[in-house]
Each structure stands twice: as C-alpha cells, then as structure tokens.
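Please read the structure below before turning to the comments.
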Amino acid sequence: MRTSFEPARSFANPLDFQDQLDRWSPGGRTRAFTAGSGAVPAERLIEERQRMRPLPEPMPQTALRSVLRVPQQPLFRFDTNDYSLDPRFAGRRVELTIGQHQITAMALDSGELCARHNRSFAKHLTFTDPAHQAQLDRLRGDRRRAPRSMLSCVRCLAMTG
C-alpha cells in the first residue's frame, strides 16, 4: 500500500482515503492495474496466452559448445567460475558442452570424458573434482622429485670437483 497506492496521492480525510482505495482496488489487491498499460495483469495474461505460438517440436538445442586445448594448469573459466579438467589431458583438445545444469568436457581425439561438473550460476568460484586434484598432485609430485635428485647430483659434482 505504502509504495503502490499512497505515493502521489492526497487525501482530504479518512473517508476520501477509503473512497480512493475502493476505486483503486475493487475486490482487493487482485484487481490492481499496472501503471504503464492501465490493464489488469490477470486479464492481460489471458490475452497474451491467446496470442502466443506453441514451442517448436523438438525443442531447439540450448547447450553451448566450445573447443579448447587443456592448459598445463587444468582449469577452464566459464561465466566467471573456474572448473577443473583431468590433468592427464593437458595439451590435448576437448569439446566443452555447457548446458543449464551440467558442464562436460570430452577429449576430441579419443572421446574420453575429461570432466563433468554441475553448473553453478554463482560468481567467482572454483570447482575442483577430487579425482582431478589427486591426479594433479601425483603428476606434480613426480615432477618435483626429478629436480631434487638432479640438484643433489649437481651438489655432489660440485663437492667432488
């Protein structure tokens, strides 16, 4: 009432207020008129439904498709969110299929599933599959061990030489 009925109105007395309220809303709030068209929303909806065309059969494809090369840091960004990819696919091309509920990534060369995530409409989040993280830790662990052993050999050579 305070935001729809009262603004820009003036009332001489309580009877004038009641009279204006009755004209504005006969039978309660359901008969309120929209400011722009002056029509009753429920009646306008019935008119609009009569003019609507039926949806096509079958429904058109609504999923987005894209191809990308999996980066060394196996994440891809869609709509400000980051989603993990299987790190074993680094350097390979995958096809992303982004639907209303799910995001999938399939390797183009082998057809293997690279990632499947529920789509989120929240902003600035990172979604990491635990299996992807475990694989990434395993791969990074292998790379980290190699330089250490190499470094210890260089130190050994420096001490002996």
Practice problem: Please tell me the relative contact order of segment 71-129 in percent, rounded to the nearest whole number, where contacts are Cα pairs under 8 Å and at least six residues apart. | Solution: 35 percent
Self-check item: Listed residue (Ser84, Thr97, Gln72) projecting farthest to the positive dipole end of segment 66-114, Cβ model
Solution: Gln72
Quiz prompt | Note, ³J(HN,Hα) from phi for segment 116-125, Karplus 6.51, -1.76, 1.60, rounded to Hz, x at Gly and Pro | solution = 8, 9, 6, 6, 10, 9, 5, 10, 6, 10
Quiz item: Amide H to amide H, which residues 5 or more places from Asp82 or on other chains are under 5 Å from it, using H placed in the peptide plane?
Solution: Leu125, Thr126, Phe127
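Taking 0.36 nm per intervening residue step and subtracting the Cα-Cα distance, what contour gain separates Asp79 from Thr128 on full extension?
On the way: separation 49, 0.36 × 49 = 17.64 nm, distance 1.58 nm.
My answer for the length gained is 16.1 nm.
Please label the shape of segment 58-120 as rounded, prolate or oblate, based on the square roots a ≥ b ≥ c of the eigenvalues of the alpha-carbon gyration tensor (a/c under 1.5 means rounded; beyond that, a/b larger than b/c means prolate, else oblate).
Working: a/c = 2.20, a/b = 1.43, b/c = 1.54.
Judged from the Cα gyration tensor, segment 58-120 comes out oblate (a/c at least 1.5, b/c at or above a/b).
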Self-check item: Gain in span if fully extended, Ala8 to Glu112, counting 0.36 nm per residue against the direct Cα distance
Solution: 31.0 nm
Practice problem: Any chance you could check the Cα centroid distance between segment 87-143 and segment 34-81 for me, in angstrom? | Solution: 26 Å
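FYI, it's all coordinate maths here, none of it is from the lab. These figures come from a predicted structure and were not determined experimentally. Neighbour counts run over all protein chains shown; Cβ positions are idealised from the backbone, glycine included.
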